[in-house]
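The values are calculated or read from the model by the stated rules, or taken from the named source; none is laboratory data. Every value quoted in this text rests on a predicted model; they were computed, and no experiment measured them. No Cβ is skipped: glycine too gets one built from the backbone with ideal geometry, and neighbour counts run over all protein chains shown. Surface areas here come from the heavy atoms of the whole protein model, side chains and all, with no ligands, DNA or RNA. Shrake-Rupley method; radii C 1.70, N 1.55, O 1.52, S 1.80 Å.
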Amino acid sequence: MKYLEGAFAPVTEEITAYDLPVTGRVPAELNGRYLRNGPNALGVEDPLVHIWGMGQGMVHGVRLRDGRAEWYRNRFVRTPGLAPMVHVIEHARRTFALVEGGAPPAELDEELNTVGVCELGLTPEGFTAGAHSKHDPRTGELHSLSYMVGREHVQHIVTAADGNVVRSTGIPMTRTPFMHDFALTGNHVVLWDTPLGFDGFECRWLPGHPTRVGVMPRDGGEVRWLDIDPVHVSHTLNAYEDDHGVIVVDVVTAEGPFDPADPGAIRPMLDRWTIDDGKIHQRRIDDRPQDFPRVNDARASLPHRYGYSAAAALYGVPFAPEGPPPDDAFTNALVKHDLERGTSEVHGFGRDEAVGEAVFAATGAGEDDGYLLAYVHDAGRGAADLVILSAQDFTGEPVARVHLPVRVPLGLHGNWLPDR
């Protein structure tokens, strides 16, 4: 069971380490915390039926300040039932671990200890902020698309900058969908209903179910559904409206079927969906395997030029900068896409290393004025590094490698939370 071994293997202890050693230089302008959540599977009775993503949430964090790596901490998310293990965000000056499927978020303190279950995004129907809740950089609002197993509708929830829910809209579905992510523009919410959904309480691929894309005004209203060929949709890079009101969605998709028990078996690729006049046009941006796309969050729901993704160890498929992959192609890499020029840059890692999602830490007004931060598993050390890359010198040597004392299992999503 590869999802319990190597870079995926769980860790059993909570660790605190101070004054971490660094190769290179931690940029003095990076003052804040880099946090990432993910499943940490302990006590698995039968590894053959283990589903990656179902372990207890554990948040890993590094505190950077004044050119130093002050501390590393890993902490279990300690809540009853399904502990949030998908994402970790900041909203209303509070830190939250998020999950999906109806389990509530958890609040964390500054040092990643669990404060308790919280009501972020709570609506009268019992829905709460979903795993891929998104900030609008113009309004400070948090937008969530949430589903609950057993409910044949989902909710779009808007939480104001002060943490109070200001609006929720119910969206009827034909069964409980597995709606892991969605897209947000300046005027619309874009969602997808794919063959991956719940048959009772079992999540599986339902071959007879159509794939459709829904477009709804973000202030609420009727959803306009558009049919497309069956496809699995992984994660959103970003979405926006152009000067003519055309909706553009950059998204990671893969051919089905998708087996939740073996998420690394698919080959995800980066696509662009253009939605105009009741029609949807699909174009492949990059056919190399990649996932975990991110954008400078200052451009969220706005037109963007740059996007970042990971050729992650989850998929284990060779990734070449250009053309067919040679024998020595990277099996782990980060990618910077210039979507205006239609080009990309690749920062490869060693064959024995394993990289996950990278997040953008902005340090100036320019769209790529900042750094990419990612945990990289170093098999030689049996531990992880926090790797810091310059976004404007993407293929160059890392600006810094912060050497952590322990492994960070490959996980899911996180954020750079700057001091305010």
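Here the range 242-286 is described by how far its Cα atoms reach on the three principal axes: 42, 20, 12 Å, from widest to narrowest. Charge tally around Thr16: other residues with Cβ under 12 Å, Lys/Arg +1 each, Asp/Glu -1 each, net -2. Computed on the range 111-170, the Cα convex hull volume stands at 108 Å³ per residue.
Its alpha carbons considered, the range 27-90 gives a radius of gyration followed by a Dmax of 14.9, 47 Å. Rg/Rh for the range 75-226 stands at 0.97; both radii use Cα atoms, and Rh follows the Kirkwood definition. Against the criterion of solvent-accessible heavy-atom surface with a 1.4 angstrom probe, Met179, Met1, Met54, Met269 sort, most first, into Met54, Met1, Met269, Met179. Seen from Trp205, the other residues with C-beta closer than 12 Å to its C-beta sum to a net charge of -4, counting Lys and Arg as +1 and Asp and Glu as -1.
Restricting things to Cα coordinates, could you compute the convex hull volume per residue of the range 159-218 in Å³? Expressed per residue, the convex hull around the Cα atoms of the range 159-218 is 107 Å³. Per residue, the Cα convex hull of the range 344-404 amounts to 83 Å³.
Around the amide H of Ala83, modelled in the peptide plane, lie the amide H atoms of Gly57, all under 5 Å away and 5 or more residues distant in sequence or on another chain. Any chance you could tell me what percent of the C-alpha pair distances in the range 268-420 go past 25 Å? Everything past 25 Å amounts to 29 percent. In the context of the full protein assembly, Leu417 retains an accessible surface of approximately 10 Å², using a probe radius of 1.4 Å and ignoring ligands and nucleic acids. Computed 3J(HN,Hα) for the range 257-266, one whole-Hz value per residue from the Karplus formula 6.51 cos²θ - 1.76 cosθ + 1.60 where θ = phi - 60°, is x, 10, 9, x, 7, 9, x, x, 7, 8, glycine and proline marked x. Computed on the Cα trace of the range 155-275, the radius of gyration divided by the Kirkwood hydrodynamic radius gives Rg/Rh = 0.97. Qualifying GluC sites (Glu not before Pro) in the range 165-258, where qualification requires a DSSP coil assignment and no more than 12 other C-beta atoms within 10 Å, comprise Glu222. Spatial offset of the range 376-394 relative to the range 119-154 amounts to 33 Å, using the alpha carbon center of each. Seen from Glu340, the other residues with C-beta closer than 13 Å to its C-beta sum to a net charge of 0, counting Lys and Arg as +1 and Asp and Glu as -1. Globularity index of the range 190-345 is 1.09 (Cα radius of gyration / 2.2 N^0.38 Å, N = number of residues). Each principal axis of the Cα atoms in the range 15-151 has its own extent, and those three values, largest first, are 50, 46, 22 angstrom. Compute the Cα gyration tensor for the chain, then decide on rounded, prolate or oblate, letting a ≥ b ≥ c be the square roots of its eigenvalues: rounded whenever a/c is under 1.5, prolate when a/b is larger than b/c in the other cases, and oblate in all that remain. It is rounded, given that a/c, with a ≥ b ≥ c, falls under 1.5.
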